[in-house]
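Asks: Okay, handing you the structure first.
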Amino acid sequence: MKADRIVLGLGLAVLGLVWFLVNFGVISPVAARELWRFWPLLLILWGVLLILGKGSGLGGCLIGILVFLFFFGGLFGVYLPGIEGPSPGTETTNVTIPASDDVENVTLDLRQGAGEVYLSSHAGPDILRASLTGTPRPIIEQEVSDGTLQVDIKDEAHSWTIGNRTNRWNLELAEDIPTEISLRAGAGRSDLDLSRLQVHDLSVQTGAGDLTVRLGQVDSQVLVEGGAGSITFYVPDNTGVRLQTSGLLNVSAGEVNLNRLDGGNYESENLDNKAAVVDIEVKAGVGSVNLRRAR
């Protein structure tokens, strides 16, 4: 049996199995995307089959397949449980930063290995409220300098602590304070609701996953850098957009009226008449960018 046929067959079988498990809710899309990072195992299998299969016939092929199944089965048994839900020892950390006369604006830096990030607003007096669930416990640092509150939240997940990379962060920011946000995340889902926030600068770096950004009526800049996934922007009626894209991206404007300029550049109609303009730059490998009208 030829090595290329074996690798192709196993690749299709694994793809079908993962797809089946996602559709029936056995594993989450987040776990499936993380599992995709291990596709080079197929190349390793191909090389093993080429070496063993040439001199040992069917026996060599069987050895190569068993090696592949051993490693792939280990990923399912060890890796996926850590992505699917809170593992033993998962902790929830609650953070509240009260309002202060010394704080005029906020810089929020988030670094997460894999998981989910949800950001929204609140109308209370506190600058930040956060509920951070994950293993291990995230590191939180804050400092005030020249009227700027710098808040850093990061997890300690290392590349080898595969089973401990589950995170779910829920953050709420005060509506009336100017804010800059930087989010760096691996695979997962991020939903950033800026509709009531004074966010003037947003930077997102992500590996693979889904990103949703609900824009507000504030002049701002948004930079998204990612590997693969779906990116969705919800645009208010009176907010204009200048969009610049690069990579193999499919752009869908939906109800948002955009004029396509040269290359991957787009611009809202009647831009000069909008109450606010958001400059968006998306640098991604493959995926889609969707612009929808905010409800």
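Asks: On the basis of being small (Gly, Ala, Ser) and surrounded by 14 or more Cβ atoms within 10 Å (Cβ to Cβ), does Gly263 make the cut? Break it down stepwise before answering.
Replies: Working: small (Gly, Ala, Ser): yes; surrounded by 14 or more Cβ atoms within 10 Å (Cβ to Cβ): no.
Here the answer is no, as Gly263 does not meet what is asked.
Asks: On to the next question. State whether one or more residues within the stretch 111-120 are out of contact with any Gly (no Cβ under 7 Å at 6 or more places or on another chain), touching a residue at least 60 places away in the same chain (Cβ under 8 Å) and over 19 Å from Ser190 (Cα atoms).
Replies: No, every residue in the stretch 111-120 fails to be out of contact with any Gly (no Cβ under 7 Å at 6 or more places or on another chain), touching a residue at least 60 places away in the same chain (Cβ under 8 Å) and over 19 Å from Ser190 (Cα atoms).
Asks: Please go through (1) within 18 Å of Gln112 (Cβ to Cβ); (2) out of contact with any Phe, Trp or Tyr (no Cβ under 6 Å at 6 or more places or on another chain); (3) at pLDDT below 95 for Leu128 and return the number of the only condition it doesn't satisfy.
Replies: (3)
Asks: Consider only pairs whose beta carbons are under 6 Å apart and that are at least six residues apart or on different chains; among these, list those whose first residue lies in the stretch 192-208 and is more than 12 Å from Val222 (Cβ to Cβ) and open to solvent by less than 40 Å² (accessible area, probe 1.4 Å) and whose second residue is in a strand (DSSP E or B) and polar (S, T, N, Q).
Replies: That search, which allows pairs on different chains as well, returns Leu197/Ser121.
Asks: Would you say Leu215 is open to solvent by less than 50 Å² (accessible area, probe 1.4 Å) and touching a Pro at 6+ places or on another chain (Cβ under 8 Å)?
Replies: Numbers: open to solvent by less than 50 Å² (accessible area, probe 1.4 Å): yes; touching a Pro at 6+ places or on another chain (Cβ under 8 Å): yes.
Yes: the conditions hold for Leu215.
Asks: Within the stretch 268-280, identify whether any single residue is at pLDDT 85 or above, open to solvent by 20 Å² or more (accessible area, probe 1.4 Å) and touching a Pro at 6+ places or on another chain (Cβ under 9 Å), and answer yes or no.
Replies: Among the residues of the stretch 268-280, at least one is at pLDDT 85 or above, open to solvent by 20 Å² or more (accessible area, probe 1.4 Å) and touching a Pro at 6+ places or on another chain (Cβ under 9 Å), which makes the answer yes.
Asks: Out of Glu91, Glu116, Glu156, I need the residue that is modelled with pLDDT under 95, open to solvent by 70 Å² or more (accessible area, probe 1.4 Å) and under 18 Å from the mean Cα position of the chain (by Cα). Which one? Before you say what the answer is, go through the steps one by one.
Replies: Working: Glu91 fails: under 18 Å from the mean Cα position of the chain (by Cα); Glu116 fails: open to solvent by 70 Å² or more (accessible area, probe 1.4 Å).
Being modelled with pLDDT under 95, open to solvent by 70 Å² or more (accessible area, probe 1.4 Å) and under 18 Å from the mean Cα position of the chain (by Cα) holds for just one of Glu91, Glu116, Glu156, which is Glu156.
Asks: Quick check on Arg184: is it open to solvent by 20 Å² or more (accessible area, probe 1.4 Å), in contact with a helix residue (DSSP H, G or I) (Cβ under 8 Å, 6 or more places away or on another chain) and at pLDDT below 95? So that I can check it myself, show each step before the final result.
Replies: Values: open to solvent by 20 Å² or more (accessible area, probe 1.4 Å): yes; in contact with a helix residue (DSSP H, G or I) (Cβ under 8 Å, 6 or more places away or on another chain): no; at pLDDT below 95: yes.
Here the answer is no, as Arg184 does not meet what is asked.
The values are calculated or read from the model by the stated rules, or taken from the named source; none is laboratory data. Nothing here was measured: the structure is a model prediction, and the numbers come from that model. Glycine also receives a Cβ, built like all others from the backbone with ideal geometry; neighbour counts cover every protein chain displayed. The area values use the complete protein model at the heavy-atom level, side chains included, leaving out ligands, DNA and RNA. Shrake-Rupley method; radii C 1.70, N 1.55, O 1.52, S 1.80 Å.
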